[in-house]
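Note sheet for the following structure.
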Number of protein chains: 2
Amino acid sequence: MIAIRPLVAGALALGIAAASFGAAAQQAPKPEQLIKWRQSAYQVIAWNSGRIKASVEGTYNKEEVLKAATTISAIANSGLGALFAPGTETGKGWHDTTAKPEIWAAGSKVGEYAGNLAKESTELVKVANTGDLAAVKEQYGKLTRTCKACHDDYKAKE
Amino acid sequence: MIAIRPLVAGALALGIAAASFGAAAQQAPKPEQLIKWRQSAYQVIAWNSGRIKASVEGTYNKEEVLKAATTISAIANSGLGALFAPGTETGKGWHDTTAKPEIWAAGSKVGEYAGNLAKESTELVKVANTGDLAAVKEQYGKLTRTCKACHDDYKAKE
């Protein structure tokens with residue numbers, strides 16, 4: 001049991017106590033499926049981040065930014081930690097995982113980073129609603145810095 | 001020009017006039033990227049649909065259902081049509097597209113189906129907020145029938 005303690009600590013940091021699966025545990029998805037879903041989730045975030053970037057750097061479109069920010073915020077607040085359940089430290093979804101083992105290690109800051117992503121994307125929805133381009137740019141910068149911080153520490157180069 | 005008319009009609013049905021890309025058109029993503037994103041978006045919807053199914057068929061968890069429904073609704077309302085832009089009728093994202101050519105054909109009902117997905121998922125968020133399990137089950141059924149209707153007509157068997 002001692003050997004898996006760091007994994008458990010990491011799981012807790014991600015907010016994935018076994019109970020958080022709820023009824024899904026009855027037919028728990030396989031690790032490859034979870035990895036596929038998390039790779040998909042970050043792709044959808046990337047798609048929407050690109051839309052915001054294009055809008056704030058080009059012709060600003062309030063509705064476009066609002067839709068994109070709402071989608072990122074929903075995913076960031078959806079409980080992504082469940083997709084990093086024990087058993088998914090290695091393996092292949094659409095491609096080999098680029099998640100570093102440090103995610104599940106003792107002292108992992110990944111839960112904190114995930115919280116920052118949720119916080120800053122939720123704030124971006126509020127700011128996008130005002131339609132104030134300068135404020136949207138500033139908040140979008142805050143959001144992308146939460147992505148970078150986590151990737152720098154916990155995402156292997158592809 | 002006549003030859004591409006059905007594609008244009010389909011594009012309009014999906015709400016993807018060229019202008020809907022807005023500034024993104026300056027550096028338009030490649031078709032393969034768009035296909036990858038749309039495959040990812042439907043995977044994230046599938047992940048969240050599975051969470052709702054597990055919760056309504058097992059131990060009901062209001063917060064879990066609310067997070068999942070919010071994510072589906074955000075994606076459904078995000079403008080998925082842009083990921084079916086002309087040029088993406090065939091090709092490979094994570095895998096060969098399973099989108100049928102009829103999506104882009106004259107008389108395509110795909111825009112209507114996409115609207116139904118957005119409508120029923122948005123309604124599910126409202127119902128999930130009440131925490132009424134019977135109502136959630138009923139509305140979740142309405143949501144999944146919009147998925148099936150579109151898959152039956154426009155998604156090739158994998």
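Before moving on, here are some points about what is shown:
- With a Förster radius of 25 Å applied to the C-beta separation of B:Ala149 and B:His95, the computed FRET efficiency comes to 0.65.
- Computed on segment A:88-143, the Cα convex hull volume stands at 106 Å³ per residue.
- Residues whose placed amide H lies under 5 Å from that of B:Asn77, excluding near-sequence neighbours: none
- What the phi angles of segment A:134-151 give under the Karplus curve with 6.51, -1.76 and 1.60, with θ = phi - 60°, is a coupling list of 4, 5, 5, 4, 5, 6, 5, x, 4, 5, 5, 5, 6, 4, 4, 4, 6, 4 Hz, glycine and proline written as x.
- Interface of B with A. Using a 1.4 Å probe and counting protein heavy atoms only, the two chains hide about 2600 Å² of accessible surface, both sides summed.
- Taking Cβ atoms as reference points and 15 Å as the exclusive limit, the residues near B:Ser55 contribute a net charge of 0, counting Lys and Arg as +1 and Asp and Glu as -1.
- A simple count of charges around B:Tyr140, restricted to other residues whose Cβ falls under 15 Å of its Cβ and scoring Lys, Arg +1 and Asp, Glu -1, yields +4.
- Exposure rank, largest accessible area first [B:Asp96, A:Asp132; 1.4 Å]: B:Asp96, A:Asp132
- Pairs from the table (A:Lys119/B:Lys53; A:Lys126/B:Lys119; A:Lys92/B:Lys36; A:Lys100/B:Lys67; B:Lys100/B:Lys148; A:Lys67/A:Lys119) lying more than 20 angstrom apart at Cα are A:Lys119/B:Lys53; A:Lys126/B:Lys119; A:Lys100/B:Lys67.
- Annotation: per residue accessible area for segment B:46-158 equals 46 Å², rounded to a whole number [probe 1.4 Å, protein chains only].
The values are calculated or read from the model by the stated rules, or taken from the named source; none is laboratory data. As the structure is a computational prediction, the values presented were derived from the model and not from experiment. Cβ: placed from backbone, ideal geometry, glycine included. Neighbour counts: every protein chain shown. The area values use the complete protein model at the heavy-atom level, side chains included, leaving out ligands, DNA and RNA. Shrake-Rupley method; radii C 1.70, N 1.55, O 1.52, S 1.80 Å.
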